[in-house]
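The next block holds one structure in the form of structure tokens; read it before the comments.
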Amino acid sequence: MTRFGFVMANLFRRKTRGTLTLLSVVSAFLLFGLLQAVHVLFNAGVDFVGATRVVTQARVSFTSALPLRLLSEITAIPGVSEVMHETWFGGVWQTNTPLTTFATVPEQLHAVYPEWVMPEAEWRAFAATRTGMIVGRQVADQFGWKVGQKIPLASNIYPRKDGSKAWAFDLVGIFDGKDENWQRQTTQEFINYAYFDEENQFGRGNVNIYVEKLKQGADPAAVAHAIDARFENSTDETKTQTEREFNVGFVKQIGDIGLIVRWILSAVFFTLLLVVGNTMAQSVRERIPELAVLKTLGFTDASVLGFVIAEAAAFCILGGLIGLALATGVGALVERKLGGFLPLAVDAGVWATGFAAMVAMSLAVGLLPALRAKRLNIVDALAGR
Amino acid sequence: MWKQCLAITRLNLYSIPRRWSSAIVIVVGLAGVVAVFCALLAMTEGVRTTLRATGQPGNVIVLRAGSSAELNSGLSREAVTLIREAPGLARDAAGHPLASGEIIVVTELLKRGETSGGANVSLRGVDPRAGFALRPQLRIIAGRRFTPGLRELIVGSGLKREFQGAALGQTLRTRGSVWTIVGVFESGDAHDSELWADIDVAQSTFGRTGFSSVLAATDTAPGSLHVFEDHLTSDPRLNVDVQSESDYFDSQTRTFRATIGVVAGVVTFIMGLGAVFAALNTMYAAVAARVREIATLRAIGFAGGAVLVSVMAESLALALVGGVIGVLIAYLLFNGLTVSTLSDNFTQLVFSFRMTPRLVARGLLIALAVGMIGGFLPALRAARLPITTALRAS
């Protein structure tokens with residue numbers, strides 16, 4: 001029998017106990033995988049967003065408007081290559097599904113966000129169709145929207161000139177992200193600002209934010225500072241941040257999700273540590289005479305220590321793998337069911353953190369019983385003292 | 001039978017201290033589950049009570065039709081005049097209708113400990129007379145009310161606690177204007193997360209001619225709410241929604257509450273599953289360690305049912321202890337903890353975690369359920385032990 005076989009055989013010597021221990025490890029890692037994915041989700045738009053863009057909002061808050069006339073002034077600031085603007089439309093699908101809809105200028109969007117991938121013909125159609133709308137792949141998949149459809153949307157902010165809040169747009173394109181991270185962000189819709197601005201009842205010529213694409217090599221902090229300095233002490237003071245800071249700031253307003261996730265995870269792992277640790281201690285206690293026999297046969301103290309740690313590690317790793325695999329499946333299922341609104345991706349990053357957790361757990365639960373096994377005195381153990 | 005059950009159960013419970021190292025698995029496992037469950041739900045409970053407390057009975061809020069929040073709403077000066085003169089409203093001693101035309105302006109403040117970023121907070125312009133009369137729950141706890149006509153602010157206690165630069169005497173610069181904070185108020189509801197100013201000053205400073213909403217008190221006479229509502233909705237010059245103040249505030253963080261509810265459900269379910277496995281493990285071990293003892297009891301005439309009950313009782317007792325510890329942990333760590341989140345108005349709502357008796361009961365119920373499931377199979381095994389072989393077990 002190989003050493004590996006020996007460890008595996010011991011694992012399920014007590015079938016019920018082995019299985020139950022394994023199952024509790026599995027459920028802990030299932031939760032671990034899902035919570036990590038949530039954590040990543042809320043920090044999304046953070047890690048992969050480069051420092052190539054800065055975002056300008058009104059200094060008081062991004063909910064208040066900036067006039068459209070800043071556009072030319074911002075474009076003239078050194079270091080800025082392209083500028084676009086966005087206005088939150090407050091889109092609502094059917095009665096109660098809020099959407100992430102922005103009014104923007106198609107050509108500007110295309111120039112500032114090369115990360116959105118769509119056939120040129122569709123970009124041209126978007127620019128040429130006043131009532132045009134383009135939507136991210138995830139949105140289109142979720143609602144089953146096809147290019148060419150007329151999409152009725154309500155706005156919970158902007159009434160039309162006739163007072164009604166029922167808008168309708170022609171779906172002229174569906175965009176993808178340039179890579180997996182960006183694909184996950186394809187949960188937005190864009191509409192034509194020119195049409196929006198003319199048709200809505202108030203707020204003519206106002207936008208929520210400007211997004212500036214920087215020239216190659218321009219220092220984001222310096223450009224941001226230059227923009228804010230340009231409008232200082234005017235009626236429209238601005239606050240410019242890198243896109244990354246802007247996104248982080250936005251998520252932070254919801255609350256410290258990271259903190260909550262960490263709290264739950266530490267509670268879960270503390271509990272798990274105890275459960276698995278206890279099982280290991282119990283199984284070593286029961287096998288004291290056996291371990292003594294092993295030592296008598298010539299196995300060194302170190303190899304007995306190794307056996308016990310390997311057993312703990314086997315529980316943690318086997319359970320961890322199954323748990324993470326389940327989490328991956330559940331995540332994919334949720335993603336398919338809820339579409340873009342909860343893109344739970346248990347990805348490579350989550351798996352890597354998971355592996356680190358498995359190793360740490362193995363040592364934490366295995367070390368004490370293993371040391372006990374190592375220090376075992378053969379004579380006492382065989383005599384049952 | 002009863003006596004038998006009691007006797008063995010007592011025997012079991014008294015022997016727990018001798019087996020504490022495995023018993024503790026159930027206790028700690030459930031403490032973890034219950035603590036997480038209670039902490040998450042204490043958060044939604046806190047938000048809910050904060051918002052629900054905001055509505056005074058009889059108060060109604062008028063928004064532009066279809067607006068879900070004050071921020072999205074807008075009413076012209078003429079509309080507000082029409083609303084104030086509508087029948088069905090209560091009047092103050094001087095005969096003025098109890099109605100306050102208000103605006104919400106969003107401004108940014110830094111949370112405590114932040115040096116960059118900033119979070120949205122609401123600056124509410126209120127009618128200096130009706131605004132306070134309509135909210136009798138509001139008390140000035142430091143300083144004084146703002147003076148009508150001056151750029152003065154009073155700040156909600158929650159905001160003052162959670163954000164920088166909002167203390168008494170400080171000046172606040174926003175949209176090119178400078179305001180002095182002259183008072184701190186406490187109302188125990190959503191207004192604690194707001195800055196208040198005189199409506200006229202706010203309108204002229206921020207260049208707004210209209211209003212966001214009208215808060216009004218309806219007359220105590222029965223049916224006056226309907227009179228008021230019918231009057232407004234039948235007036236062709238108006239396009240407004242009327243709802244009770246409490247309904248409005250209750251709807252403000254529905255999404256947030258629903259999300260936390262789902263998270264709490266999923267997390268508790270998976271953790272609970274893990275705890276069931278751990279409990280099963282512990283109870284199987286507990287039964288295995290006492291095979292001979294149980295067989296002896298059976299041999300001298302104790303019934304299988306009594307053994308079953310005793311094992312279940314042990315599991316439930318341990319689970320209950322775990323649940324109580326979990327509730328205590330959640331209570332000590334989280335009850336009263338003040339945090340803030342984004343409301344539908346897109347501004348920060350400061351609230352405190354709140355452990356309610358109902359929440360405690362639900363937490364303990366979960367603990368007992370896990371204890372019950374985790375104890376049943378091992379109890380069944382104990383009750384069905386073949387006496388003769390079990391007696392010879394080593």
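The values are calculated or read from the model by the stated rules, or taken from the named source; none is laboratory data. Given the structure is predicted, the values throughout are model-derived calculations rather than measurements. Methodologically, a virtual Cβ is constructed for each residue, glycine included, from the backbone with ideal geometry; neighbour enumeration extends over all protein chains shown. Note: accessible area is taken over every heavy atom of the protein model, side chains too, but ligands, DNA and RNA are not part of it. Shrake-Rupley method; radii C 1.70, N 1.55, O 1.52, S 1.80 Å.
At a glance:
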quantity: Scope region B:36-60; condition of a type in the set (A, V, I, L, M), under 20 Å from B:Gln243 (Cβ atoms) and surrounded by 24 or more Cβ atoms within 10 Å (Cβ to Cβ); matching residues; calculated: B:Val47, B:Val60
quantity: Extreme residue, surrounded by the most Cβ atoms within 10 Å (Cβ to Cβ), among residues of region A:211-268 that are within 11 Å of chain B (Cβ to nearest Cβ) and on the phi > 0 side of the Ramachandran plot; calculated: A:Gly255
quantity: Residues of region B:9-30 satisfying the condition of being more than 8 Å from chain A (Cβ to nearest Cβ) and open to solvent by 10 Å² or more (accessible area, probe 1.4 Å); calculated: B:Thr9, B:Arg10, B:Leu11, B:Leu13, B:Tyr14, B:Ser15, B:Ile16, B:Pro17, B:Arg18, B:Arg19, B:Trp20, B:Val27
quantity: Counted residues, region A:132-162 - those being open to solvent by less than 10 Å² (accessible area, probe 1.4 Å) and more than 29 Å from B:Asp241 (Cα to Cα); calculated: 7
quantity: Residue that is least open to solvent (accessible area, probe 1.4 Å), among those in region A:72-91 that are more than 15 Å from A:Ala218 (Cα to Cα) and more than 33 Å from the chain's Cα centre (by Cα); calculated: A:Glu73
quantity: For A:Ala325: the one exception among (1) free of Cβ contacts under 8 Å to residues at least 12 places away in the same chain; (2) over 34 Å from the mean Cα position of the chain (by Cα); calculated: (2)
quantity: Test: B:Gly95 is open to solvent by 30 Å² or more (accessible area, probe 1.4 Å) and not assigned by TED's automatic domain parsing to the domain that holds B:Gln203; calculated: no
quantity: So B:Val324, is it more than 14 Å from chain A (Cβ to nearest Cβ), closer than 30 Å to B:Trp2 by Cβ and buried (at least 20 other Cβ atoms within 10 Å of the Cβ); calculated: no
quantity: Any chance B:Gly66 is within 13 Å of another protein chain (Cβ to nearest Cβ) and within 32 Å of the chain's Cα centre (by Cα); calculated: yes
quantity: So A:Lys165, is it open to solvent by 60 Å² or more (accessible area, probe 1.4 Å) and basic (Lys, Arg); calculated: no
quantity: Any chance A:Ala103 is in contact with a helix residue (DSSP H, G or I) (Cβ under 6 Å, 6 or more places away or on another chain), in the same structural domain as A:Arg184 (by TED's automatic domain parsing), of a type in the set (A, V, I, L, M) and not in a strand (DSSP E or B); calculated: no
quantity: Selected residue (only one of B:Thr180, B:Thr209 is over 29 Å from B:Arg52 (Cα atoms), touching a Leu at 6+ places or on another chain (Cβ under 8 Å) and either in a strand (DSSP E or B) or open to solvent by 10 Å² or more (accessible area, probe 1.4 Å) (or both)); calculated: B:Thr180
quantity: From B:Leu332, B:Leu391, B:Leu368, residue being free of Cβ contacts under 8 Å to residues at least 60 places away in the same chain, away from chain A (no Cβ under 13 Å), in contact with a helix residue (DSSP H, G or I) (Cβ under 7 Å, 6 or more places away or on another chain) and open to solvent by 40 Å² or more (accessible area, probe 1.4 Å); calculated: B:Leu368
quantity: Among residues of region B:261-314, those that are over 20 Å from B:Gly374 (Cβ atoms), within 11 Å of another protein chain (Cβ to nearest Cβ) and open to solvent by 20 Å² or more (accessible area, probe 1.4 Å), counted; calculated: 3
quantity: Matching residues in region A:189-210 - criterion: being open to solvent by 40 Å² or more (accessible area, probe 1.4 Å) and either touching a strand residue (DSSP E or B) at 6+ places or on another chain (Cβ under 7 Å) or not hydrophobic (A, V, I, L, M, F, W, C) (or both); calculated: A:Glu198, A:Gln201, A:Arg204, A:Asn206
